[in-house]
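Below: the structure, in C-alpha cells.
The values are calculated or read from the model by the stated rules, or taken from the named source; none is laboratory data. Just so you know, these numbers come straight off a predicted model, no measurement behind them. Quick reminder, even Gly has a Cβ in these numbers, built from the backbone with ideal geometry, and neighbours come from all protein chains shown.
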Amino acid sequence: MNRFLSLKISDNSSSIEAKRNFIARVTIALCFFLCVGFGSVFFIQSIYPLNILFLFFAGIYVVAWTMAVMNNPLGAKVVLYSSMLAQVFFMSIVLGVFVQVKVFYIPIAIVPLLIFTKQEKYPMYALLILTGINIVMINTFVENNIFQTEKIYSTDTYNYINNAFDITSMLCMLILAFLFLQLTEAGEIQLVKANEALSNQKELERKSNFLLKKAKEDQERANVMKDFLFRIISHDLRSPINTIHGLTELLLSHRLTNDERILITEQLKKSTDSTNQLLDNLLSWSAFQINNSTKPIIDTIVVKDLVKDIFKQLEVKAVQKNIQLVENVGIDLSIYGDAHMVEIIIRNLLSNAIKFSFKEQRVSIHAEKIDENIILQIKDQGIGIPKEIIERLFTNDKTVSREGTFNEKGTGIGLLLCKNLLENCGGTIDVNSIPNQQTIFTVKIPTNTPYKSQHTAASR
C-alpha cells in the first residue's frame, strides 16, 4: 500500500511506459472508490436504479484491477476506459436531460493521454473513436429525449446529483493534473538516464547530439506546459470553486427561508454552469499545449452574444461588489475564428476589471469594426496600473500580480495567456491606465483570424 501511494518514482518504474501503467492503476482505484461511494449513498437514499448501476461498475473496475495485477496492463486499460464510457452512457439514459452527465467527458477525454503508451496507440485510437460515437449517441438519443425518459426523482434529488457530479468532475480534473505532473517527472528521470548513457559513449556523441537536443527541447516545452496548466487551473477555477463552497455552506446551515434557498440554488446553478464552461476552456487549452497539433475550431462568432454569455458567467462576481456591467456592442459585429480562444481573452479582461474596481462602480465593454478588425475596449474606474507594472504586465513575471479591491488573489498568468492567444490569431492587446482613475484595455482581433502554427503558440 505504501509503495502504491508513494509519490517517488523507483528505479523499476522510472520509464514513461511504467509510469503510464501506474497512472492506469490509480485511475482504476479512483473509479472504484467513486462507484462504491456514490452507490452506497444512492442505496441509503433509495435512488434506484443508479445504486445498482454504480455498484455494478464497481465490480467491473475490480476486474480491471485484477487484470493490471496479473500483468495484463493493456487489457486493464481497455476495460477501464470502455467501462467509463459505458457508465456515463447508461447514467445519461437513466437521468435523461435532467442531469448534465456530459461533464464527465472532460476528465475522461484526458485519461487516454495519460495511460496509453506509444505501443498502445492503435487501441487508444479505437477507444477515442468509441468516445466520439458515445457522445453522438448521447446527443442524439438523450438530449433529443428520443427514449422519452420520465422524471423519476424529485427536483431536489436531480439538483443534488447535478451538483455532486459537477464537483466530482472538478476533483477528477485536479487529480489527473497531479498525475500528469508525475508523468512529467518520469520524463525528466528518463532524460537524465539518457544523458548518463551518452556520456559513456563519447564516440557516438556527435551522432547523438541532435537527438539529445530535441529531447531537451521537448522536455522544456513539457515543463512550460505543466506550469501553464497548473497556473490556469489556479487562475480560472479558484473563484467559482470558492463561490460554490460558500453557497453550499449557506445551504447546509438550515437557517434559510424557502425563498432564500431558491435564490441560493439559482446562484449555485449559475456558478456550476460557469465552472463547466471554464473546464471546457481548460480542456481545449490543455489539448492545445500537449499535442502541439490541435486545430482551432473555426466558426462565426457573434460578438454581442458572446459578451452577454460572459456577463452571465461573471454575474455572481459582479453582484458581490454591486458593480454594473455595461456593453456597447453592435448586433452585426462578428468574427470568424475560435470562440473558445476569444471567450478566454474577453472573460479574463472583464474579470480583472471587476477585480480591481471598487463597490458600485461600472465596468464597460465597447466594440466596433475598423477596417478588417474588431476593436474591443474594456474600461474600469478602479485602482489603475502604475507605469512600472505596465512595462512587465504581459510577461511571465509573477511579481506583477496584485490583490483586488476585495483582496482577491491572482497568479499573474491571465494577461500573458490573453497575449499568447491573441498573437496566435493575429491580434494585439494594449493598455492605458491612470492610477486611481481608470484603466482601458484595447484588443484588436481580425474579423477573419489568421491562426499561426500551434507549435509556435505552445512553445511561448
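Here are some notes:
- Scan of region 266-287 for residues that are modelled with pLDDT of 75 or more and either among the small types (Gly, Ala, Ser) or buried (at least 17 other Cβ atoms within 10 Å of the Cβ) (or both), ordered by number: Gln267, Leu268, Thr272
- The residue pairs whose first member lies in region 103-130 and is polar (S, T, N, Q), whose second member is in a helix (DSSP H, G or I), and whose beta carbons are closer than 6 Å, counting only pairs six or more residues apart or on different chains, are Thr117/Glu17; Thr117/Arg20.
- The condition of being touching a residue at least 12 places away in the same chain (Cβ under 8 Å), in contact with a Cys (Cβ under 8 Å, 6 or more places away or on another chain), among the hydroxyl-bearing types (Ser, Thr, Tyr) and part of a helix (DSSP H, G or I) does not hold for Ser92.
- Only one of the listed residues (Val78, Val41) is under 16 Å from Asn134 (Cβ atoms), at pLDDT 85 or above and of a type outside the set (D, E, K, R). That residue is Val78.
- Cβ-Cβ under 8 Å pairs, at least 6 apart or on other chains, region 311-327 side closer than 12 Å to Val363 by Cβ, far side of a type in the set (Asp, Glu) and surrounded by 13 or more Cβ atoms within 10 Å (Cβ to Cβ): Phe311/Glu327; Leu325/Glu315
- Considering the conditions (1) among the aromatic types (Phe, Trp, Tyr); (2) under 26 Å from Phe42 (Cβ atoms); (3) modelled with pLDDT of 80 or more, Phe98 is excluded by exactly one of them, (3).
- Wholly within region 292-380, strands (runs of 3 or more DSSP E) carrying at least 1 residues that are crowded, with 21+ Cβ neighbours inside 10 Å and modelled with pLDDT under 90: 334-338
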